[in-house]
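Sharing a structure below in structure tokens format, with a few things to ask.
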Amino acid sequence: MKKIAVYPGSFDPITNGHVDIIKRGLRMFDELIVLIAHNPNKKTLFTVEERLGMIREVIRDCKNVRVDSFDGLLVEYVKGAGANVILRGLRALSDFEYEFQLALINRRLNRDVETVFLMSGFKWFYTSSKIINEAASLGGSVKGLVPEIVNLKLQEKYSYKGGIL
Ligand code: ADP
């Protein structure tokens, strides 16, 4: 049976920490779906289309990975996609409690779905979309922490607002 995993998140925007999890996940699963789990009530920097576009660009050369978006119950998406694993990344201890709660509720909602965690790559331990956005909004360089396409998009976004130029 094909092992398909879903890697859900906001990816607002995708960072090198996310890319590391995707590449390592691909060594464990036959197929990976990067899923923009999107909440219409949550304000984001990039639209779903922009995030889809950036991820598509980043994974262009990777085989067995695709990107999608969804705004419903995650376990329903996982089931519909014929997958049975949710892939998540763990950074500092601060991620743990929330991730634990999420894994437990998803398991309660569907016992056939397991959550698998990969520890953050050493280099990306402190990389989060939120910190990247904050630094970029204040004109700081985030080069090397995000794929180049994302770096350019952030520059575009914030130059309109008087940030990075
Ligand atoms: P963020 O927390 O950066 O806003 P997401 O909600 O998009 O990111 O996160 C999706 C998943 O990727 C979560 O499991 C999160 O813990 C994981 N993740 C995010 N950044 C990293 C990183 N630098 N290293 C490892 N995992 C990460």
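The values are calculated or read from the model by the stated rules, or taken from the named source; none is laboratory data. No experiment lies behind these values; they were computed from the predicted model shown. Cβ: placed from backbone, ideal geometry, glycine included. Neighbour counts: every protein chain shown. When the accessible area is computed, the model is the full protein with side chains, heavy atoms only, and any ligands, DNA or RNA have been set aside. Shrake-Rupley method; radii C 1.70, N 1.55, O 1.52, S 1.80 Å.
So Leu52 clears everything in (1) more than 21 Å from Tyr126 (Cα to Cα); (2) within 15 Å of the ligand (Cβ to nearest atom); (3) assigned to a loop (DSSP other than H, G, I, E, B) except one condition, right? Which one?
(3)
Would you confirm whether or not region 130-138 contains a residue that is near the ligand (Cβ under 10 Å from one of its atoms) and in contact with a strand residue (DSSP E or B) (Cβ under 8 Å, 6 or more places away or on another chain)?
Of region 130-138, the ones near the ligand (Cβ under 10 Å from one of its atoms) are 130-133.
The next check asks that each one be in contact with a strand residue (DSSP E or B) (Cβ under 8 Å, 6 or more places away or on another chain); those that pass are 132.
Yes: one or more hits.
Test of understanding: among Val78, Val67, which residue is within 13 Å of the ligand (Cβ to nearest atom) and either more than 18 Å from Val146 (Cα to Cα) or of a type outside the set (D, E, K, R) (or both)? Quick ask: steps written out before the conclusion?
Numbers: Val78 fails: within 13 Å of the ligand (Cβ to nearest atom).
Criteria check complete, one pass: Val67.
Also: Which count do you get for residues in region 1-42 that are in a helix (DSSP H, G or I) and of a type in the set (Val, Ile, Thr)? Step through it out loud before you land on a result.
At the first step, the residues of region 1-42 found to be in a helix (DSSP H, G or I) are 16-28.
Subset that is of a type in the set (Val, Ile, Thr): 19, 21-22.
Final tally of qualifying residues: 3.
To continue, here is another question. Look through Val48, Val142, Val113 and report the one residue that is among the hydrophobic types (A, V, I, L, M, F, W, C) and in contact (Cβ under 8 Å) with a residue 24 or more places away in the chain. Before the answer, list the steps.
On the way: Val48 fails: in contact (Cβ under 8 Å) with a residue 24 or more places away in the chain; Val142 fails: in contact (Cβ under 8 Å) with a residue 24 or more places away in the chain.
When all the criteria are applied, what remains is Val113.
Separate question: Out of the residues in region 82-124 meeting the condition of being within 11 Å of the ligand (Cβ to nearest atom), surrounded by 13 or more Cβ atoms within 10 Å (Cβ to Cβ) and in a loop (DSSP other than H, G, I, E, B), tell me which one is modelled with the lowest pLDDT. Don't jump to the end; show me each part of the working.
If we filter region 82-124 for residues that are within 11 Å of the ligand (Cβ to nearest atom), which is where we start, we get 86-92, 94-96, 98-99, 102-103, 115-124.
Now restrict to residues that are surrounded by 13 or more Cβ atoms within 10 Å (Cβ to Cβ): 86-91, 95, 99, 102-103, 115-118, 120-121, 124.
Checking the rest, the ones that are also in a loop (DSSP other than H, G, I, E, B) come to 91, 120-121.
Working: Arg91: 93, Ser120: 93, Gly121: 90.
Among those that are within 11 Å of the ligand (Cβ to nearest atom), surrounded by 13 or more Cβ atoms within 10 Å (Cβ to Cβ) and in a loop (DSSP other than H, G, I, E, B), it is Gly121.
Is region 70-77 home to any residue that is in contact with a Gly (Cβ under 6 Å, 6 or more places away or on another chain) and open to solvent by less than 60 Å² (accessible area, probe 1.4 Å)? Full working, then the answer.
Taking region 70-77 as the starting set, the residues that turn out to be in contact with a Gly (Cβ under 6 Å, 6 or more places away or on another chain) are none.
Taking every residue of region 70-77 in turn, none turns out to be in contact with a Gly (Cβ under 6 Å, 6 or more places away or on another chain) and open to solvent by less than 60 Å² (accessible area, probe 1.4 Å).
Keeping to region 145-163, report how many residues are modelled with pLDDT of 95 or more and part of a loop (DSSP other than H, G, I, E, B).
Our first condition is that a residue be modelled with pLDDT of 95 or more; within region 145-163, this holds for 145-154.
In the following step, the residues that additionally are part of a loop (DSSP other than H, G, I, E, B) were identified as 145, 147.
Matching residues across region 145-163 total 2.
Among the residues in region 24-35, are any at pLDDT below 95 and either buried (at least 17 other Cβ atoms within 10 Å of the Cβ) or closer than 17 Å to Glu114 by Cα (or both)?
First, pick out the residues of region 24-35 that are at pLDDT below 95: none.
No: zero hits.
While we're on this one: List every residue pair whose Cβ atoms lie under 7 Å apart, where the two residues are 6 or more positions apart in sequence or sit on different chains, the first residue falls within region 1-15 and is more than 7 Å from the ligand (Cβ to nearest atom), and the second residue, located anywhere, is hydroxyl-bearing (Ser, Thr, Tyr).
Final answer for the pair search is Val6/Tyr77; Pro13/Ser129.
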